[in-house]
Amino acid sequence: MGIVLKQSFRNTIITFIGFAFGAVNTLFLYTNILRPSYYGLVTFILATGAILMPLFAFGAHNTLVKFYSAQDEGTKNSFLTLVVLSPLLILIPAAGLTWVFYDSIAAFLSRKNGIVVDYVWYFFLVGLAMAYFEVFYAWSKVHLKSVFGNFMKEVFGRVCISILLVLLYLQMISLPLFLKGIVAVYLLRTAIMKVYAYRLRRLKLDFDFPKSYKVILQYGMLMVLGGSVALILIEIDKFMINQYIAIDNVAYYGVAVYIATVISVPNRAMNQITYPMTAEYLNQGNHFELEHLYKKTALTSFIASGLLFILIITNIEALYLMIPEAYRNGFVIVFMIGMAKVFDAFLGNINAILYYSRFYRTVLVFGVFLALLTILLNLWLIPLFGIEGAALASFSSIFIFNLIKMIFVKLKFGIVPYTNSTFKVFVLLVLFGVLFGQITFHFHPILNIVLKTILIVVPYFGLLYRFQVSEDLSDLIKKLLKF
């Protein structure tokens, strides 16, 4: 666990820095510089690009992580060539179809909000950039080098967008140029990630593909479904809000979801290094290390994400006082999406266990049904309850899907994510949530947030350390205290 803890800690710091810039963008710059309709448009462009990403990537990033450790030195170049070129099987036809049917696609997407009509190629280019970024990021992760890629994913783009927003505010660039700049940032991020990946191992084109290339491509095609399911569960709500109500609501919803998404920072940071390790243990048939990693990642993620959930819920009123009034009615959304994120964290590296095991086909079938359920719930609940209906649909689908995954892993692998320590953490979180949810300080919102955060964080980690709830956390606290 040494390399996991070391790189996870670095990735967590980087991810928090990225989310800090994202918070400035989401809560203050976007909300004060752009009209809600254009902020909603930006959110819609990025959400649509994210939905397209798994399709455009053709599962290449998942394929790389699953099969790389099983390649010998003689087949690695041909395997990497196959991985890098396979997304073109989708991208080239998709570009042709977009060109031919541009007007029909634009008419469908702009049915409710005419502002969307001119930005179809933006969706395509952002999806392309996200797809190849994930491929080159996976390239670095299989070499157990995840920190730079995490910096590019979490920090680089947000800093660049902060700069673009400031330039727009100073009227140094126009709104159309700002929107083009966002697309350019994603393309530039991918180009830089490619250079870094090739420095770790330069690609030597070899078209004598591995004998198992059919199995590799079939896995990639199935991972299109797997990745699409995951992104549909996360992003489809923003896409479908645009189809039913004014695009301004995409902006309001996006702010609330972003606040809740901070909860997933520790889990996201840890996954960058634990995913390739999980694939390696599965390839080796090392059940003991697999179970050990599962429980460790689940407990550590739950400790961190649960704390963030309590901090957000107990400070949400003060936080909303600092942003424009139109964006403030999102407590229900933050609570529901936040609970879903905590459940994700509670399951640790379960997605890696499922997608890199021999059971991935079965899990994908579950996922497809859940994705369809998500779409149907959004179709039903958004017209009834607006953006809160979208949040309820997402929460319900994620909760059901996670429950199915946990039960499936228990049945097939005989392992569960929880221990006695998990129960202790749960009790602490409930106690702190109930206690500090009742306490209100009548100071400036920033002072309120800082004071309540200190009053929660210090005793929380103190109690965890006192009762030795997590070995990794106790070791980290000891090192920090010694430092």
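The values are calculated or read from the model by the stated rules, or taken from the named source; none is laboratory data. The model shown is predicted, which means the values in this text are computed figures rather than measured ones. In this analysis, Cβ positions are derived from the backbone assuming ideal geometry, glycine residues included, and neighbour counts consider all displayed protein chains. Just the protein is used for accessible areas: all its heavy atoms, side chains included, with ligands, DNA and RNA removed. Shrake-Rupley method; radii C 1.70, N 1.55, O 1.52, S 1.80 Å.
Taking all protein chains together, 442, 292 sort by accessible area into 442, 292, largest first [probe 1.4 Å]. Within the same chain, lysines fewer than 8 places from residue 238 are excluded, and of the rest, those with a Cα less than 16 Å from its Cα are 112. With coordinates expressed along the principal axes, the C-alpha atoms belonging to region 158-199 extend over 39, 16, 12 Å, beginning with the largest. Both numbers refer to the Cα atoms of the chain; Rg and Dmax are 22.1, 69 Å. Of 153, 412, the order by accessible heavy-atom surface (1.4 Å probe, DNA, RNA and ligands excluded), from most exposed downward, is 412, 153.
Over all orientations, region 428-472 has a Cα convex hull whose mean projected area works out to 3.5 square nanometres. Radius of gyration over Kirkwood radius for region 36-79, both on Cα atoms: the Rg/Rh ratio is 1.33.
Normalising by residue count, region 290-441 has a Cα convex hull of 119 Å³ per residue.
The mean accessible area for residues of region 55-166, using a 1.4 Å probe and ignoring ligands and nucleic acids, is 38 Å² per residue. Over all pairs of different C-alpha atoms in region 391-480, the reciprocal of the mean inverse distance, the Kirkwood hydrodynamic radius, equals 16.3 Å. Annotation: peptides 48-54, 366-372, ranked by per-residue average of other Cβ atoms within 10 Å with the highest first, follow the order 48-54, 366-372.
Each residue, residue 177 and residue 439, gets one label point 7 Å from its Cα in the Cβ direction; the gap between the two is 5.0 nm.
Note that region 84-150, at 37 °C in a medium of 0.692 mPa s, gets a Stokes-Einstein diffusion coefficient of 237 µm²/s from its Kirkwood radius over C-alpha pairs. The alpha carbon centroids of region 27-74 and region 136-193 are separated by 12 Å. Projected onto its three principal axes, the C-alpha set of region 27-110 covers 55, 37, 14 Å, listed from the longest axis down. Would you mind checking region 71-94 for residues with the amide N under 19 Å from a putative spin-label position 7 Å along Cα→C-beta of residue 104? It comes to 91-94, nothing else. Geometric descriptor of region 370-444, per residue, is 144 Å³ (volume of the convex hull of the Cα atoms).
Average projected area of the Cα convex hull of region 255-357, in nm²?
Taking a quarter of the hull surface, the average projection is 6.5 nm².
Here, region 1-154 is characterised by an Rg to Rh ratio of 1.05, where Rg is the alpha-carbon radius of gyration and Rh the Kirkwood radius. In the context of the full protein assembly, residue 280 retains an accessible surface of approximately 80 Å², using a probe radius of 1.4 Å and ignoring ligands and nucleic acids. So, R0 is 30 Å and r is the distance between the beta-carbons of residue 404 and residue 72; what FRET efficiency does that work out to, to 0.05? Result of the calculation: an efficiency of 0.25. Of the peptides 451-462, 183-194, 154-165, the order by per-residue mean of other Cβ atoms within 10 Å, starting with the highest, comes out as 154-165, 183-194, 451-462.
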